[in-house]
1. Can you confirm whether A22 is over 18 Å from A149 (Cα atoms) and either modelled with pLDDT under 85 or under 40 Å from the mean Cα position of the chain (by Cα) (or both)?
2. What number of residues within the stretch 313-337 are within 22 Å of I289 (Cβ to Cβ) and either assigned to a loop (DSSP other than H, G, I, E, B) or charged (D, E, K, R) (or both)?
3. Being at negative phi, in contact (Cβ under 8 Å) with a residue 40 or more places away in the chain and touching an Asp or Glu at 6+ places or on another chain (Cβ under 9 Å): is that true of A46 here?
4. Name the residues in the stretch 307-317 that are touching a Pro at 6+ places or on another chain (Cβ under 6 Å) and surrounded by 21 or more Cβ atoms within 10 Å (Cβ to Cβ), would you?
5. Give the residues of the stretch 298-340 that are acidic (D, E) and over 20 Å from L286 (Cα atoms), sorted by residue number.
6. Just one of D356, D388, D310 is among the acidic types (D, E) and under 23 Å from L277 (Cβ atoms); which is it?
7. Going through A149, A155 one at a time, which residue ends up being over 27 Å from T27 (Cβ atoms), surrounded by fewer than 21 Cβ atoms within 10 Å (Cβ to Cβ) and either touching a helix residue (DSSP H, G or I) at 6+ places or on another chain (Cβ under 9 Å) or at pLDDT 90 or above (or both)?
8. If I ask for residues that are more than 17 Å from L304 (Cβ to Cβ) and in a loop (DSSP other than H, G, I, E, B), which ones from the stretch 338-372 would you list?
Amino acid sequence: MKSLAVRLTLLGLFVISIGVAAYVVWTGEVRARTDATAARGFGEAALGAERDVLELRSAQEAYVAAGQGEEFWTSKVGAAIVALRDKLNTLRGQATSIAAQAAVDNAAGALQDFEQMDRRARDYVRGGQKLLASDVIFADSLEITGAMAGSLAQARSAELQAGDGLLAEIRRRHVRAAGAAAAVALFVIVLLVPRRDAPDIPAARALSVAPRPDSRVAASNVVAASNVVATSNVVAVSDGDLALDEGWSRPKPVAEPAFPVPPSIDLGSVASLCSDLARVIDIQALPAILERTAAVLDAPGVVLWIADPDGRELSPIVTHGYSPQFVSRLGTILREAENVTAAAFRTSLLQTVNADAVSNGAIAAPLVTPAGCVGIMAAEVRNGGERDSVKLAAATIVAAQLATLVGPPSTRAQAKAEIG
């Protein structure tokens with residue numbers, strides 16, 4: 001790819017893809033922070049309303065308490081009902097999910113029922129029938145206030161679930177944007193890889209000097225120059241196929257120039273793998289992803305190592321190509337261990353091990369996030385894959401994609417084996 005215009009176009013495409021991905025991530029984070037603030041405000045308001053329900057219940061129970069003033073507690077209950085109704089109206093406007101709105105409506109309906117029960121209790125108290133008033137307060141009103149508190153708790157839970165679902169969707173958009181940017185970057189890298197071109201020497205260049213009729217030296221020089229050019233441009237042509245003028249020496253055929261070696265991996269498979277990685281939302285899909293990664297890298301076995309929360313050791317969480325008995329003996333790898341996997345984890349740089357007479361080569365690609373390295377994708381490769389720059393680039397890209405999906409486990413994960 002020697003055209004400056006094409007190179008600038010590819011550079012612009014790469015910059016645009018990175019910019020779009022950054023914009024998607026930025027807008028998603030802004031929305032996530034806004035929604036998180038709104039969810040916290042709704043939760044605090046709902047908890048305050050639940051406390052008001054408990055205070056309302058306690059104030060009503062004081063109707064029948066010995067030595068308590070009737071007018072004081074009835075006025076306090078009336079003021080508490082008005083304040084609670086205003087809070088429920090405010091919560092109804094703040095709720096973003098249908099389930100939370102329905103729960104707040106149920107609490108408002110229960111408050112209306114409580115008002116009716118409270119009027120009956122007041123009438124009984126004023127009439128001196130405290131036994132009937134106690135029956136209303138400690139039976140019907142107690143059940144209604146419990147229903148109100150339960151509805152408010154359901155509203156908080158529904159709003160929290162809605163916020164979690166929205167955050168998960170935002171994270172999926174981030175992964176898709178990062179995957180698209182990585183695919184474009186891979187496309188640009190592949191197109192910009194230098195290629196060996198066959199030499200191209202125009203024949204007219206050698207014939208630009210015409211021989212002088214009266215000069216044997218000039219004629220011999222032109223013949224020699226023509227022979228050189230003809231020799232450079234003849235490919236797989238026999239001596240008998242060349243018709244040369246008298247006085248010209250017969251050129252010798254030359255070997256056919258070598259053509260560019262095709263890529264060692266299927267770029268279409270890499271692009272498809274990156275696209276599918278951008279859509280992964282469940283760790284259950286990782287075994288299939290490792291199987292496809294092994295096919296792309298020509299690897300008989302792949303192990304995904306994830307760091308613990310302290311970053312002191314690595315544990316194999318998913319494997320491909322190894323028997324369960326072998327996986328059970330893997331154990332963990334300490335950060336300070338003297339092997340290629342630990343070295344890649346410590347340095348956050350891709351590490352390789354060359355093959356020998358009895359063992360295949362190996363690639364250890366780090367899973368790097370803004371917080372640092374969170375794991376290693378280790379692949380056992382055949383046919384000199386550890387020295388193939390294209391396969392190393394593909395392993396780096398797949399590891400970068402995996403880093404957006406996995407992080408340090410809360411507890412040491414158990415390895416999951418899948419035999420390919």
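1. For A22, the condition - over 18 Å from A149 (Cα atoms) and either modelled with pLDDT under 85 or under 40 Å from the mean Cα position of the chain (by Cα) (or both) - is met.
2. Adding up the residues that qualify gives 4.
3. When the stated conditions are applied, A46 passes them.
4. A307
5. Across the stretch 298-340, the qualifying residues are D310, E313, E336, E338.
6. Answer to the check: D388.
7. That would be A149, the only listed residue that is over 27 Å from T27 (Cβ atoms), surrounded by fewer than 21 Cβ atoms within 10 Å (Cβ to Cβ) and either touching a helix residue (DSSP H, G or I) at 6+ places or on another chain (Cβ under 9 Å) or at pLDDT 90 or above (or both).
8. Across the stretch 338-372, the qualifying residues are E338, L349, N354, A355, D356, A357, V358, S359, N360, P370, A371.
The values are calculated or read from the model by the stated rules, or taken from the named source; none is laboratory data. Note that the structure is predicted; figures quoted are calculated from it, not measured. Every residue, glycine as well, gets a Cβ built from its backbone with ideal geometry; the counts of neighbours run over all protein chains shown.
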